[in-house]
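The values are calculated or read from the model by the stated rules, or taken from the named source; none is laboratory data. Not measured: the values here are computed from a predicted model. Heads up, the Cβs are rebuilt from the backbone with ideal geometry, glycines too, and the neighbour counts pull from every protein chain shown. Keep in mind that these areas ignore ligands, DNA and RNA; they rest on the heavy atoms of the full protein, side chains included. Shrake-Rupley method; radii C 1.70, N 1.55, O 1.52, S 1.80 Å.
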Amino acid sequence: MEGRNVKNGDTNNNKIVGSSLSIEKNPISPPEASSLKKLALVASIAAGVQFGWALQLSLLTPYVQLLGIPHTWAPYIWLCGPISGMIVQPTVGYYSDRCTSKFGRRSPFIAVGATLVGFAVSLIGFAADIGHATGDPNGNVPKPRAIAVFVVGFWILDVANNTLQGPCRALLADMAAGSQAKTRYANAFFSFFMALGNIGGYAAGSYSRLYTVFPFTHTKACDTYCANLKSCFFISITLLIVLTILALSVVRERPFTLDEIQEEENLKNNTGGCARLPFFGQLFGALKDLPKPMLILLLVTCLNWIAWFPFLLFDTDWMGKEVYGGTVGEGKAYDMGVHAGALGLMINSVVLGIMSLGIEKLARLVGGVKRLWGIVNLILAVCLAMTILVTKSAEHYRATHHVPGAIGPPLPPPGFKGGALAIFSVLGIPLAITFSIPFALASIFSASSGSGQGLSLGVLNLAIVVPQMFVSVTSGPWDALFGGGNLPAFVVGAVAATASAILSFTLLPSPHRKPKSEGQWVAIKNKEAVLIFNFLFFI
């Protein structure tokens, strides 16, 4: 989308009229877009990151129980991701836009982020050993020193991932050099490699004898399960470091000189910009004066993540409790449901990977990326609504097939399990779009208005992490209000997905169209505001 409003006489000064997010047009000749091979190479870093996250999802909960972390601590531990994402990623994005390292603007942050990920994962894996060496007791009792090491490592890991992923996506946008097609391909590659990382992580986590490859991991403080976790983490660190070194060695950035930054800041000060404000002044100014396309994109993304996060947070718990009828810590039904949910996540990742490779063609088939995003958000809403049907059918089956005196509830028949796994698999389609299109649109809109890629993607991240914090804090009381279980949060997600789809169809601009004039934006301002208010009030 061409988003530059250039007034008469401005072209000689290379000025771009924009919001406080905007930067001045670089006076040097624009760079050429990189090849798809180089874009794919940089995007492959996502596989190393996601491999580690998949291990956490599949192995970390039992490890937390092994260390004896109290249940009341869990919300504080898992909230660190959204909190660090809200602070770290915009900060890193802002400073990566202004980095003058001889290695480039994004590469230093990517390298530091990968190093911190390796350090954090090592702390998590060796938490039990470090705790034992510093005085933790043996046996199934809380291990306070190991818990402290684990929590520190977990927080560092979230900070490191946000330090790594934001500049990585910004580098992909830089390499696309304003080409909308290559921007979409780059983000599709990123989504594809996230799927590959998920598949590898779930596969490694499911193999219970991987520790035999690294026999030194089995210690007095670290049993077979713990040793297997450490072995998986060794593979995760190696994969991430190798992919990062390979990508940064092949793809060399042009250094951004101090003179260029100074020239931009001087131009901003002459035109009333806010280049000399501190970072948070820039961030709040960016949120205040965002271009209309970015504002709508943030709203659609926010609603989209209100829909997604309840399911991503409770998907395996839903399988264990609602579909299999189990109770945490009692019998085998819950554990069997969780394992079935892990299989669903594996299938979901496969669909996610396949779908990521076809986003560009599918977008052309349905008439554009905004229409595609709207369609898949409707699919997301239907899938979340279908969890009600599967849950109620499973409850009815257990009520009619209960055997007095039996240990545990009757297991659901294959048809119910298949229906639940079908929901997991179909959700891989909208998940591929969620991991790709919003970031591509943010890069396109920010490039059109002259905005810095790092800060723009950091602002977009706020529309992702704020809904996550909201869901984390409110989903428990909301579910308890309706008698417990996960369905109330899923219903809210279905409504939010529907609202996100409608806004995507009606208000989200198409990136290939020329921008509306300021007068045209003012003409639709009231209609837009009323629609947004109604949707938010309805939700």
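The table below lists the values:
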| read-out | value |
| --- | --- |
| Links that overshoot a 19 Å alpha carbon limit, given the list Lys38/Lys361; Lys332/Lys392; Lys182/Lys361 | Lys38/Lys361; Lys332/Lys392 |
| Within the accessible area of the range 104-231 (1.4 Å probe), percent carbon and sulfur | 68 |
| For Phe103, net neighbour charge (Lys/Arg +1, Asp/Glu -1) across residues whose Cβ lies under 12 Å away | +4 |
| Contact order relative to length of the range 33-255, as percent, for alpha carbon pairs under 8 angstrom and 6 or more apart | 41 |
| Whole-Hz ³J(HN,Hα) from phi, Karplus 6.51 cos²θ - 1.76 cosθ + 1.60, for the range 104-121, glycine and proline x | x, 7, 9, 4, x, 5, 5, 5, 5, x, 5, 5, 5, 4, x, 5, 5, 5 |
| Ordering of 305-314, 216-225 by burial proxy (mean other Cβ atoms within 10 Å per residue, highest first) | 305-314, 216-225 |
| Around Cys168: net Lys/Arg minus Asp/Glu count, Cβ-Cβ under 14 Å | +2 |
| Solvent exposure ordering (accessible area, 1.4 Å, most first) of Met336, Met346, Met194 | Met336, Met346, Met194 |
| Nonlocal amide H pairs with Leu411, under 5 Å, H built at 1.01 Å | none |
| Cα gyration tensor shape for the range 33-255, rounded if a/c is under 1.5, else prolate or oblate | prolate |
| Solvent-accessible area per residue for the range 71-227 (1.4 angstrom probe, square angstrom) | 41 |
| Karplus (6.51, -1.76, 1.60) ³J(HN,Hα), θ = phi - 60°, over the range 465-472, in Hz, Gly and Pro reported as x | 7, 4, x, 5, 5, 4, 5, 4 |
| Listed peptides 122-132, 351-361, 294-304 by packing density, highest first (mean Cβ within 10 Å) | 294-304, 122-132, 351-361 |
